[in-house]
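Worksheet for the structure shown next.
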Amino acid sequence: MEENEKDTMKDLLIRLVDSREGYKDAAEHAEQERHKKMFGDLSAKRGEYAEDVRKALASHGCEYNTDGSFEAGVHRFFMNIKDKLGGDDEELMESILTGESNLLEQYEDAIKCCKTDTAILEKLQKQHKEVKTNYDLIEAKEEAA
């Protein structure tokens, strides 16, 4: 795996960890039980994706910290403030759609960059498709609200 591929995969890994933590927070702040369950399930799925990417990096000799990014910490801080000020599930959905859009872009970058390991590329494409499906589902729910 070339250095630019490793760097792009590291960026994706950070975004996946951020997504996992964001969904975990969203599950804690959601008002409706169905949203709590959906966000909890998505948090677990993002954890699986992050572990897949971490293992792919490790298989190429690249160990990486998966604590999440500074950006995610700031985002969670503002979500906590919004919650204290009375944020609702609709606002959570909007915030999640923004995060999912960013994650999809990160996947697209990783897919374009991944040239040396077809197994990783296939896994990334599968994950991207699942994230896009979830994005479309959340967007439809948000529009229906």
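Observations
- Test: residue in the stretch 70-86 that is surrounded by fewer than 14 Cβ atoms within 10 Å (Cβ to Cβ), β-branched (Val, Ile, Thr), at pLDDT 80 or above and farther than 15 Å from residue 23 by Cα: no
- Some residue of the stretch 14-22 being modelled with pLDDT of 85 or more, more than 13 Å from the chain's Cα centre (by Cα) and either open to solvent by 70 Å² or more (accessible area, probe 1.4 Å) or of a type in the set (A, V, I, L, M) (or both): no
- Of all residues making up the stretch 95-127, the number that are under 20 Å from residue 1 (Cα atoms) and either under 11 Å from the mean Cα position of the chain (by Cα) or part of a helix (DSSP H, G or I) (or both): 18
- Taken as a whole, the condition of being among the aliphatic types (A, V, I, L, M) and modelled with pLDDT of 70 or more applies to residue 103.
- Qualifying residue in the stretch 41-54 (condition: loosely packed, with under 15 Cβ neighbours inside 10 Å, under 19 Å from residue 141 (Cα atoms) and under 13 Å from the mean Cα position of the chain (by Cα)): yes
- Of all residues in the stretch 104-145 being over 20 Å from residue 18 (Cα atoms) and touching a helix residue (DSSP H, G or I) at 6+ places or on another chain (Cβ under 6 Å), the one that is surrounded by the fewest Cβ atoms within 10 Å (Cβ to Cβ): 145
- Residue 7 surrounded by fewer than 17 Cβ atoms within 10 Å (Cβ to Cβ), touching a residue at least 60 places away in the same chain (Cβ under 8 Å) and assigned to a helix (DSSP H, G or I): no
- Failed criterion for residue 58 (all others in (1) of a type in the set (Gly, Ala, Ser); (2) closer than 17 Å to residue 142 by Cα; (3) open to solvent by 20 Å² or more (accessible area, probe 1.4 Å) hold): (2)
The values are calculated or read from the model by the stated rules, or taken from the named source; none is laboratory data. What you see is a predicted model, and the numbers here were worked out from it, not measured in a lab. Please note: Cβ atoms are built from the backbone with ideal geometry, for glycine as well, and neighbour counts cover all protein chains shown. The area values use the complete protein model at the heavy-atom level, side chains included, leaving out ligands, DNA and RNA. Shrake-Rupley method; radii C 1.70, N 1.55, O 1.52, S 1.80 Å.
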